[in-house]
1. Ile180 to Lys153: FRET efficiency via 1/(1 + (r/R0)^6), r the Cβ-Cβ distance, R0 30 Å, to the nearest 0.05?
2. Set the Förster radius R0 to 56 Å, insert the Cβ-Cβ distance between Leu401 and Glu20 as r into 1/(1 + (r/R0)^6), and round the FRET efficiency to 0.05.
3. Quick one: helix 370-389 against the long Cα principal axis of the chain, what's the angle to the nearest 10°, folded into 0 to 90?
4. If I take every Cα pair under 8 Å that is 6 or more residues apart in the chain, average their sequence separation and divide by the length, what percent do I get for the relative contact order?
5. So for each of 79-91, 192-204, 407-419, 512-524 I average, over its residues, the number of other beta carbons within 10 Å; can you give me the resulting order with the highest mean first?
6. Using only the alpha-carbon atoms, how far is helix 392-401 inclined from the longest principal axis of the chain? Give it as 0 to 90 degrees, nearest 10.
7. Identify the residues of segment 180-208 with backbone N under 17 Å of a label point that sits 7 angstrom from the Cα of His312 along the Cα-to-Cβ direction, or state none.
8. Extending each Cα 7 Å along its Cβ direction at Leu540 and Ala333, get the distance between those two points in nm, one decimal.
Amino acid sequence: MPRQGRPIRCAVYTRKSTDEGLDKAFNSLDAQREACAAYVMSQQHEGWVLLPDLYDDGGFSGGSMDRPALQQLLADVKAGRIDVVVVYKIDRLTRSLADFAKIVDILDETDASFVSVTQAFSTTTSMGRLTLNVLLSFAQFEREVGAERIRDKVAASKAKGMWMGGGVPLGYEAKDRKLIVVPQEAATVRLIMERYLEVSSIRSLVHQLEAEGIVSKRRTSRSGRTSGGHPFRRGALLWLLRNPIYLGKIRHKDKVYPGQHEAIVSSELFDAVQDKLASQASEGSSGGPHRRVALLAGMIRDDRGRAMSPVHTRNHGRRYTYYASNMNDDQGAPALRLPAGELEMATRQAIAQWIESPANLASLASGLDADEKQRLFNTASGIARTVSSAPIIEARTQFKLLKLQLTVSSEAAKVSFDASALQSAAGLNAEPQPVELVIPTLHRSYGHEARLRLEPPAGTTTATDRALVELMGRAIAARDELLAMNEAEATATPTTRLRHLQRLARLAYLDPAIIRSILDGSQPRAMQARELWRMADLPLSWADQRAQLGLASDS
């Protein structure tokens, strides 16, 4: 490290893991700096000069390099402003071997070095680096053993029911490592649990609590920063409803122990909440046998990465199920909704058709002998039958083996799976073979709501829609009634009744091809009676009508 003709610029770096005692007039950082300055002064005959800049990281662990003073120190080293970094002990600089290697690389780039005052090493020699590596290995070992000791202590303390820190739940405050009931917040917790038993779902509970101004717990950190006080989200409510701490218990991983704090809800209320949560759980967790199994639950996301969950509505006693974007994950865009039954059927058909394709099977069987090919074809045939027509539980199991994933956008539903599962099921060696299929979607408005719909595969006949047929019958009747009216009768007819007849009658003048498709059931699946009735911009041109309603131009 000779620097002939100019002084050797030395910078002292100090660190302390906690901020305890740093407010004193002379603290640990001062002691480290004083010892380092004395060492630099002892090397004055070698031309060492102490730089006035301070590089102090008080309250930062040596387990990472995310420390402001260290980053500034390394920046100054890279800029060529420092020749020697002086530390009290090596572990003040880092406790990680990997971080140590990065720091040494930075020092080497500018021909800089570092010195440990109490551990005389030089990084300019291979022996010095070896010794430092050994020391840092012990430092890292010490850190990991310390972490294990803390984890064991937390587990033992929780087994005794002690509160070991973390976010204090609503209903309590922490004093001297004990949870103390806050009466007003405890009443809010009880109200939330009782209200959940009255509403139909967590989502309804979210809306009710937000409408009533009931918010999450407000917290103030030691630094004075406040957090919380926001409307509850679904995940936060689920955490609250399932938390056994409100029964006076402490949970540690998958175990629950009697706590040293007071319960704020009765076991009857808590058990009733758990029963309802279990009954409303999706099939993927603990759904009951009476619930509809969601074939694609857990496998489907929209193009913004939001999970799409099965939801249902009821209209005139009929249940309609959709896969809808989870708005709790990202409310920056409207939710996408697809009818569950149609999407599941389209996915089944798309995958079964791919598996049954001779070309695809031939590709998978490439290089196999005759017996292996026969085994693969038989296995693939069985899997195709399971995918296309087996009960949902069996098909879902098969989808998981295929590693099925769906990504839905306003243009298409993309189905991806691993075709090597077919070879594995046949007992053959297999490498991953990703396959992607596309199911087109349509984006249509239903009243004030936009929904996605699926077009039936080419050649598929749509069943006759009774509501559409009835609508056409009423349209023709309205047309005839209007044509039979004279001027006096039209004037005497109430305005609302007259407008209703006029709105119906215009449908009697639809393109005959459209009317025929409605009567024989070949109309586009997306065409619905309610939508057709509400269409205010129905064009006069028959060609334009066919185009707007999704009929082929040559129908």
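1. Numbers: r = 23 Å, r/R0 = 0.75.
Efficiency computed from Cβ-Cβ geometry: 0.85.
2. Numbers: r = 55 Å, r/R0 = 0.98.
In this case the efficiency is close to 0.55.
3. 70
4. Numbers: 761 pairs, mean separation 35.9, N = 555.
For the chain, the relative contact order is 6 percent.
5. Details: 79-91: 20.6, 192-204: 15.2, 407-419: 18.7, 512-524: 16.8.
For the peptides 79-91, 192-204, 407-419, 512-524, the packing ranking is 79-91, 407-419, 512-524, 192-204.
6. The angle comes out near 40 degrees.
7. Counting only backbone N, you get 200-204.
8. 4.0
The values are calculated or read from the model by the stated rules, or taken from the named source; none is laboratory data. Note that this is a predicted model, so its numbers are computed, not measured. Positions of Cβ are generated from backbone atoms using ideal geometry, with glycine treated the same way; all protein chains shown enter the neighbour counts. Heads up: the accessible areas ignore ligands, DNA and RNA and are worked out on the full protein's heavy atoms, side chains in. Shrake-Rupley method; radii C 1.70, N 1.55, O 1.52, S 1.80 Å.
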